[in-house]
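Accompanying notes for the structure given below.
The values are calculated or read from the model by the stated rules, or taken from the named source; none is laboratory data. Everything numeric here is computed off the predicted structure, so don't read it as measured data. A quick note on method: Cβ atoms are made from the backbone with ideal geometry, for glycine too, and the neighbour counts reach across all protein chains shown.
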Amino acid sequence: MDSRPCLRGSDRFALHGWFVHVSAITAWEVGLLVAKGQVKLGQPVAEWFESFCDAQNIHVLHIHSRSGVRGKRTALASSRSG
């Protein structure tokens with residue numbers, strides 16, 4: 001029998017120096033779900049998101065304004081080609 005403790009995926013990643021990343025947009029998306037009544041949280045979205053990410057050892061990737069502009073251009077280009 002294996003006597004090693006069972007580790008969550010994020011803990012196993014951390015042991016190897018790897019990290020799970022999410023975009024800051026994810027917090028906004030969770031906020032939309034809460035606003036629509038599709039998800040209920042026991043605290044404000046920003047607090048929940050920060051607590052969740054801290055507890056799961058998840059790193060939040062902040063979005064630079066240039067990334068948003070590139071994303072908009074990509075979406076427009078793909079909508080024109082389709």
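Below is a table of values for the structure above.
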| read-out | value |
| --- | --- |
| When residues of region 27-82 are limited to those that are among the hydroxyl-bearing types (Ser, Thr, Tyr) and surrounded by 10 or more Cβ atoms within 10 Å (Cβ to Cβ), the one modelled with the highest pLDDT | Ser51 |
| Any pair with Cβ under 7 angstrom, 6 or more apart, that starts in region 35-59 at a residue that is in contact (Cβ under 8 Å) with a residue 12 or more places away in the chain and ends at one that is part of a loop (DSSP other than H, G, I, E, B) | Trp48/Leu41; His59/Phe19 |
